[in-house]
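Novice: Just dropping this structure here.
The values are calculated or read from the model by the stated rules, or taken from the named source; none is laboratory data. Bear in mind the structure is a predicted one, so any value in this text is a computation, not a measurement. Cβ coordinates were reconstructed from backbone atoms using ideal geometry, including for glycine residues, and neighbour counts include every protein chain displayed.
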Amino acid sequence: MNKSFLSIGAILGAFAVALGAFAAHSLKSFFPPEAMNIFETGVRYQFYHVFAIFIAAFLEEKFPRSRSIHWAGNCFIVGIILFSGSLYLLAASKAKEVSGSDAIGIVTPIGGLLFIVGWFLLFIGVSRKK
């Protein structure tokens, strides 16, 4: 079991809950509905991929020679940072009406691509026989 993935997943999970609660209780009065939707999408995908990190941590023990599973976990971590992080920044900039803030959204698809790659790497890691 990959202790680093478990630790990072736990921290990112705690942040997802905290950010979700913060959004539900504090941001609604400051953020317009469009910005709230963007922020909530970031929280939702962060939470989904925290579980993916845990899956990768446990699968590494079952498939100890699989580099694909290890890289999947790394893709999920960086994906959360880029995908969810960029959505949090985009939502905040929309709420503050910062001009040119849409450029932040360029990073979001890269994070999404890392999520997809991570899931494919998990598939490769468990489907290879060694």
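Novice: Taking segment 56-111, which residues are among the hydrophobic types (A, V, I, L, M, F, W, C), surrounded by fewer than 21 Cβ atoms within 10 Å (Cβ to Cβ) and over 11 Å from the mean Cα position of the chain (by Cα)?
Specialist: Within segment 56-111, Phe58, Phe63, Trp71, Leu89, Ala92, Ala95, Val98, Ala103, Ile104, Ile106, Val107, Ile110 qualify.
Novice: Ser26 fails exactly one of the following numbered conditions: (1) surrounded by 12 or more Cβ atoms within 10 Å (Cβ to Cβ); (2) under 14 Å from Ala91 (Cβ atoms). What is the number of that condition?
Specialist: (1)
Novice: Any residue that is without any contact (Cβ under 8 Å) to a residue 12 or more places away in the chain and more than 29 Å from Arg128 (Cβ to Cβ) - is there at least one of those in segment 84-96?
Specialist: Taking segment 84-96 first, the residues without any contact (Cβ under 8 Å) to a residue 12 or more places away in the chain are 93, 96.
Restricting the remaining residues to those that are more than 29 Å from Arg128 (Cβ to Cβ) gives 93, 96.
Checking segment 84-96: at least one residue is without any contact (Cβ under 8 Å) to a residue 12 or more places away in the chain and more than 29 Å from Arg128 (Cβ to Cβ).
Novice: Then there is this: Do we have Lys94 as basic (Lys, Arg), in a helix (DSSP H, G or I) and either modelled with pLDDT under 95 or more than 24 Å from Ile8 (Cα to Cα) (or both) here? Spell out the reasoning first.
Specialist: Working: basic (Lys, Arg): yes; in a helix (DSSP H, G or I): yes; either modelled with pLDDT under 95 or more than 24 Å from Ile8 (Cα to Cα) (or both): yes.
For Lys94, the condition - basic (Lys, Arg), in a helix (DSSP H, G or I) and either modelled with pLDDT under 95 or more than 24 Å from Ile8 (Cα to Cα) (or both) - is met.
Novice: Sticking with this structure for a sec: Tell me yes or no: at least one residue of segment 33-50 is assigned to a helix (DSSP H, G or I), over 22 Å from Gly111 (Cα atoms) and modelled with pLDDT under 95. Break it down into steps so the answer makes sense when it comes.
Specialist: Step one: filter segment 33-50 for residues assigned to a helix (DSSP H, G or I), giving 33-50.
Adding the requirement that they be over 22 Å from Gly111 (Cα atoms) leaves 33.
Those still in the list that are modelled with pLDDT under 95 too: 33.
Yes: segment 33-50 contains one or more residues that are assigned to a helix (DSSP H, G or I), over 22 Å from Gly111 (Cα atoms) and modelled with pLDDT under 95.
Novice: Answer yes or no as to whether Ala16 is farther than 16 Å from Pro109 by Cα and either without any contact (Cβ under 8 Å) to a residue 12 or more places away in the chain or surrounded by 17 or more Cβ atoms within 10 Å (Cβ to Cβ) (or both). If you could, list the steps in order and put the result at the bottom.
Specialist: Numbers: farther than 16 Å from Pro109 by Cα: yes; either without any contact (Cβ under 8 Å) to a residue 12 or more places away in the chain or surrounded by 17 or more Cβ atoms within 10 Å (Cβ to Cβ) (or both): yes.
For Ala16, the condition - farther than 16 Å from Pro109 by Cα and either without any contact (Cβ under 8 Å) to a residue 12 or more places away in the chain or surrounded by 17 or more Cβ atoms within 10 Å (Cβ to Cβ) (or both) - is met.
Novice: Right, something else. Only residues that are of a type in the set (S, T, N, Q) and either closer than 14 Å to Gly112 by Cα or in contact with an Asp or Glu (Cβ under 8 Å, 6 or more places away or on another chain) (or both): list them for segment 53-91, please. Steps first, please.
Specialist: As a first pass, look at segment 53-91 and keep what is of a type in the set (S, T, N, Q): 66, 68, 74, 84, 86.
Within segment 53-91, Ser66, Asn74, Ser84, Ser86 meet the criteria.
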